[in-house]
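Reviewing the structure listed below.
The values are calculated or read from the model by the stated rules, or taken from the named source; none is laboratory data. Worth saying up front: this structure is predicted, and the values here are computed from it rather than measured. With ideal geometry, Cβ positions are generated from the backbone for all residues, glycine too; neighbour counts draw on all protein chains shown. Remember, those area values only see protein heavy atoms, side chains included, never the ligands or the DNA or RNA. Shrake-Rupley method; radii C 1.70, N 1.55, O 1.52, S 1.80 Å.
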Amino acid sequence: LKPLVSSLIMCCTFLYELLNCSAVFTQQPTDLVVVAGQPVTLPCSIPGYNGMVLWLRDGMALGVNRDLSGYPRYDIIGDHRKGEYHLLIQRTEIQDDAVFECQAIQAAIRSRPAHLTVFVAPDNPVIVGAPVVSLQAGDQLNLTCHADSAKPAASIIWIRNGLVLNGAVYSKTLLRDGKRESTVSTLYLLPHNIESGQQITCRASNKAAPNGKDATVTIDIQHPPIVNLTVERQPVLEGSVVKFHCAAKANPPVIYYRWAKGGYVIPDVSGDTYEALVDYSFFTEPVSCEVTNILGNTNITRNVDVYFGPRMGAEPQSLQVDQGSDAVFNCAWTGNPSLTIVWMKRGSGVVLSNKNTLTLKGVRQEDAGKYVCRAVVPRVGVGEKEVSLTVNGPPTISSTQTQQALYGERGQIKCFIHSSPPPDRIAWSWKETVLESGTSGRYTVETVSTEEGVISTLTMSNIVPADFQTIYNCTAWNSFGSDTEIIRLKEQETLRLAVIVGVAVGAFLALSILLGTLSAFCCTRFHTSLKGGIQVEIVHKDHDAAQESEEHMNITQMMVSEQFDTASNTDVLCPRLSGFSGMYSL
């Protein structure tokens, strides 16, 4: 019996091995590409095979039949009665990127190797320095973006305002797992191609992330203040109020403002505006606004177009030159709007020059005097400066040749001398006498200097008739020569006769007034006495009768007059006083 059982077992084993030896794959795994995180199924079908099935990954067994307990993401699916041993990988990972095989152990068959390629999207790209990259104005911008752990390596592009920027430098590095790579891209932008506030995007993409992943950075260009200084109300007249506005654009923000005029700081002004009552100095001394932030400061200046009258820039100097030499005066004025300069000699309307310089060629003594440099600013004002020209030459005497004195009184003769340089010597001479200074007998010489020249005075203590017959000579000398003037003394009309005549006339007038008063008094009394004895009747008759009446009245008046002439009392004086009164009235 035992041999029979052994034979039966051997027969069954032979039949089992015979059946397994005839097993074949109806489905085998093939090369697949999958994105990490997605599931994938590798097929394996061996109909009629009841032996052990083994899955290998890169040559390493994963488990027997349906037991893959060491790989929780792996599972064997399918109907085992149909010989289906499909490998399901859930949420694929980079380690699943490998070569897989399905083997039938008892049948001693294996599937063809299948390469499972797992694509991994890059990590979110990172821009170094994001979200805001700051740089100073004028510097080149270097932006670096890296996208790590991608398979295949990520491609990186730079985008600004929807446009791709070219010129980036690209590099990649294989990670330790030998499968993933990191990509680095650096973008270089020149200063003229950068604006503050712009946003630039780094976009990383590969086959696992075809739409890409973005990282964005904002460009912050820092710069010292950019300043614009404006002046309101130009041009303006001197004395007007002007407002200055200092508009500044700065990044980082402005820390403070500082105002100055002509290089000197204006105290108590710290904001971005400054108001001032302007004068001429604002035309030549600019106002400056200095704006500061942490990167530095910017200073900008402005002059004010102030209209002002002439102001002396270079004052002309009086000159003293030798006769025959040239005299050159310089005169400089400032004014706004443009001014006109006029040189004239005082007392003359002749314009000698319209330039800053007045040149007088070969001057003579008559050129000496006052000269005026006048500046005119149209519709604004006029200014002038006077200088003197002194011409060195021989003295010039300009005294009156005939002078007067009173007989018996103290008399003087004056000699007026114009001389540059001043006279070295002045002498009076008459008859046999020469006197330069001091006293000699009745004569005294005194010399006084004035702005106009020198006055030498010869004084005589008591004028005698001989003095009116004497010729007096005044002579002055200097280093250039001399001049002489002959002066005669004339007797001045005496005041005695005039005084006598004046007194007489005054007395006569006073007497006339008195007599007129007495005459009026006497006539009053005379008419009163006539009322009692004399009646006067005036009758209008013909011409002959009237003439006869007039003659009668004249005779009557003459008779009355004769009667009163012989009288001795006060009343008889009335006709005479009336006569005097009539003469006074005339």
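State yes or no: is Arg374 at pLDDT below 90, open to solvent by 50 Å² or more (accessible area, probe 1.4 Å) and over 30 Å from Thr475 (Cα atoms)?
Numbers: at pLDDT below 90: no; open to solvent by 50 Å² or more (accessible area, probe 1.4 Å): yes; over 30 Å from Thr475 (Cα atoms): yes.
In short, no.
If you take the residues in segment 346-368 that are small (Gly, Ala, Ser) and surrounded by 15 or more Cβ atoms within 10 Å (Cβ to Cβ), which one is modelled with the highest pLDDT? Taking the candidates together, the pick is Ser353. Annotation: of all residues in segment 17-76 being open to solvent by 70 Å² or more (accessible area, probe 1.4 Å), aliphatic (A, V, I, L, M) and touching a residue at least 60 places away in the same chain (Cβ under 8 Å), the one that is nearest to Gln95 (Cα to Cα) is Val33.
Under 9 Å between Cβ atoms, at least 6 apart or on separate chains: pull out the pairs that start in segment 132-156 with a residue that is more than 23 Å from Thr183 (Cα to Cα) and in contact (Cβ under 8 Å) with a residue 40 or more places away in the chain and end on any residue that is surrounded by fewer than 19 Cβ atoms within 10 Å (Cβ to Cβ) and of a type in the set (D, E, K, R). Listed pairs, sorted by first residue: Ser134/Asp220; Leu135/Asp220.
Condition test on Glu195, is it open to solvent by 60 Å² or more (accessible area, probe 1.4 Å) and either touching a residue at least 60 places away in the same chain (Cβ under 8 Å) or charged (D, E, K, R) (or both)? The answer is yes for Glu195.
Against the definition (in contact with a Ser or Thr (Cβ under 8 Å, 6 or more places away or on another chain), on the phi < 0 side of the Ramachandran plot and among the hydrophobic types (A, V, I, L, M, F, W, C)), how does Val321 come out, yes or no?
Against the criterion (in contact with a Ser or Thr (Cβ under 8 Å, 6 or more places away or on another chain), on the phi < 0 side of the Ramachandran plot and among the hydrophobic types (A, V, I, L, M, F, W, C)), Val321 qualifies.
With the structure loaded, tell me whether Leu190 is of a type in the set (A, V, I, L, M, F, W, C), at pLDDT below 95 and over 20 Å from the mean Cα position of the chain (by Cα) or whether it fails that test. For Leu190, the condition - of a type in the set (A, V, I, L, M, F, W, C), at pLDDT below 95 and over 20 Å from the mean Cα position of the chain (by Cα) - is met. Of the residues making up segment 433-469, those that are open to solvent by less than 20 Å² (accessible area, probe 1.4 Å) and either touching a residue at least 40 places away in the same chain (Cβ under 8 Å) or over 14 Å from Ile397 (Cβ atoms) (or both) are Leu435, Val445, Ser456, Thr457, Leu458, Thr459, Met460, Ile463, Asp467. Could you grab me the full set of residues in segment 263-274 that are within 27 Å of Met312 (Cα to Cα) and either in contact with a His (Cβ under 6 Å, 6 or more places away or on another chain) or of a type outside the set (Gly, Ala, Ser) (or both)? Within segment 263-274, Tyr264, Val265, Ile266 qualify.
For segment 415-432, give me each residue that is open to solvent by 50 Å² or more (accessible area, probe 1.4 Å) and part of a strand (DSSP E or B). Write out each step before concluding.
Taking segment 415-432 as the starting set, the residues that turn out to be open to solvent by 50 Å² or more (accessible area, probe 1.4 Å) are 416, 418, 422, 424-425, 431-432.
Residues satisfying the conditions are Phe416, His418, Arg425.
When the criteria are applied in full, Leu277 meets the requirement of being of a type in the set (A, V, I, L, M, F, W, C), within 14 Å of the chain's Cα centre (by Cα) and more than 14 Å from Thr230 (Cβ to Cβ).
I'm told Asn303 meets every condition in (1) touching a residue at least 24 places away in the same chain (Cβ under 8 Å); (2) under 18 Å from Val242 (Cα atoms) except one. Can you identify the failing condition by its number? Status for Asn303: all satisfied but (1). Could you list, in sequence order, all residues of segment 220-257 that are open to solvent by 50 Å² or more (accessible area, probe 1.4 Å) and either under 27 Å from Pro310 (Cα atoms) or under 15 Å from the mean Cα position of the chain (by Cα) (or both)? Asn228, Thr230, Glu232, Arg233, Gln234, Pro235, Leu237, Glu238, Val241, Lys243, His245 - these are the residues of segment 220-257 that are open to solvent by 50 Å² or more (accessible area, probe 1.4 Å) and either under 27 Å from Pro310 (Cα atoms) or under 15 Å from the mean Cα position of the chain (by Cα) (or both).
For segment 82-100, taking the residues that are among the β-branched types (Val, Ile, Thr) and not in a strand (DSSP E or B), the one that is surrounded by the most Cβ atoms within 10 Å (Cβ to Cβ) is identified as Thr92.
On the basis of being more than 30 Å from Lys355 (Cα to Cα) and either of a type outside the set (Gly, Ala, Ser) or surrounded by fewer than 19 Cβ atoms within 10 Å (Cβ to Cβ) (or both), does Val269 make the cut? So Val269 passes the test. Within segment 262-277, can one find any residue that is in a loop (DSSP other than H, G, I, E, B), over 23 Å from Val132 (Cβ atoms), in contact (Cβ under 8 Å) with a residue 24 or more places away in the chain and among the β-branched types (Val, Ile, Thr)? Checked segment 262-277: no residue is in a loop (DSSP other than H, G, I, E, B), over 23 Å from Val132 (Cβ atoms), in contact (Cβ under 8 Å) with a residue 24 or more places away in the chain and among the β-branched types (Val, Ile, Thr). Out of all the residues in segment 101-125, which are of a type in the set (A, V, I, L, M, F, W, C) and either surrounded by fewer than 19 Cβ atoms within 10 Å (Cβ to Cβ) or in a strand (DSSP E or B) (or both)? Hits for segment 101-125 are Cys102, Ala104, Ile105, Ala108, Ile109, Ala114, Leu116, Val118, Phe119, Val120.
With the condition kept exactly as written, say whether any residue in segment 239-251 is outside any strand (DSSP E or B) and basic (Lys, Arg).
No, because not a single residue in segment 239-251 is outside any strand (DSSP E or B) and basic (Lys, Arg).
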